[in-house]
1. Could you tell me which numbered condition T145 fails, if it satisfies all but one of (1) open to solvent by less than 40 Å² (accessible area, probe 1.4 Å); (2) without any contact (Cβ under 8 Å) to a residue 24 or more places away in the chain; (3) within 22 Å of S47 (Cα to Cα)?
2. Determine if region 96-103 includes at least one residue that is among the aromatic types (F, W, Y) and out of contact with any Phe, Trp or Tyr (no Cβ under 9 Å at 6 or more places or on another chain).
3. Name the residues in region 77-102 that are more than 16 Å from G149 (Cβ to Cβ), open to solvent by 70 Å² or more (accessible area, probe 1.4 Å) and either among the aliphatic types (A, V, I, L, M) or touching a strand residue (DSSP E or B) at 6+ places or on another chain (Cβ under 6 Å) (or both), would you?
4. Quick one: what pairs do we get from region 58-71, first residue farther than 12 Å from P133 by Cβ, second open to solvent by 50 Å² or more (accessible area, probe 1.4 Å) and assigned to a helix (DSSP H, G or I), C-beta under 8 Å, 6+ apart or different chains?
5. When you look at E25, is it at pLDDT below 95, under 18 Å from P133 (Cβ atoms) and among the acidic types (D, E), yes or no?
Amino acid sequence: MKMVLAVTLGIAGAATAAYVATDRETPSPVIASAAAQGAEPVTIWRSPGCGCCDAYAEYLRAEGFAVNVIDDHDFVDRSVAAGVPEQGVGCHLAMIDGYVVSGLVPSEIIERLLDERPDITGITLPGMPGNAPGMAPAKTGTLRTYAFGPDGVAVYADE
């Protein structure tokens with residue numbers, strides 16, 4: 001009986017050690033939301049060499065979105081032409097499944113946009129808030145995101 005218990009504990013211990021080692025060495029797979037899985041690839045136009053835009057693109061990829069990044073010296077003009085209010089231009093411009101998304105908008109707000117499909121042109125997180133994805137390792141505090149379109153500008157999310 002002692003021999004069987006020792007062998008069982010030895011096997012369980014080895015399996016646990018293998019699991020822990022594997023868990024630490026292998027990145028966990030990305031579990032994309034239904035919104036991310038169903039969306040067309042995200043295209044981001046950004047100022048060439050912008051590190052926070054690169055970090056934001058990686059953040060979206062980690063959230064399950066397919067992302068293409070395009071360098072564009074005139075992304076601000078492109079943003080305004082796409083309907084982003086001039087005073088609301090964010091760090092970069094993105095097109096996500098038919099919507100304009102300006103700035104470092106958290107993925108859960110993009111997912112809500114794609115789930116709800118409101119009759120708007122898009123959303124924006126103006127400027128470069130230090131607590132937004134791409135600027136900080138993780139979103140902290142509150143970020144105010146605005147919706148814009150033919151009916152004007154309104155708060156979309158205050159999270």
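The values are calculated or read from the model by the stated rules, or taken from the named source; none is laboratory data. Every value quoted in this text rests on a predicted model; they were computed, and no experiment measured them. As a convention, Cβ positions derive from the backbone with ideal geometry for all residues, glycine included, and neighbour counts pool all protein chains shown. Side chains are part of the model used for accessible areas, which takes the heavy atoms of the whole protein and leaves out ligands, DNA and RNA. Shrake-Rupley method; radii C 1.70, N 1.55, O 1.52, S 1.80 Å.
1. Every listed condition holds for T145 apart from (2).
2. Yes, region 96-103 contains a residue that is among the aromatic types (F, W, Y) and out of contact with any Phe, Trp or Tyr (no Cβ under 9 Å at 6 or more places or on another chain).
3. R78, the sole residue that qualifies.
4. G64/Q37; V67/R61; V69/D54
5. No; evaluated as a whole, the condition is false for this residue.
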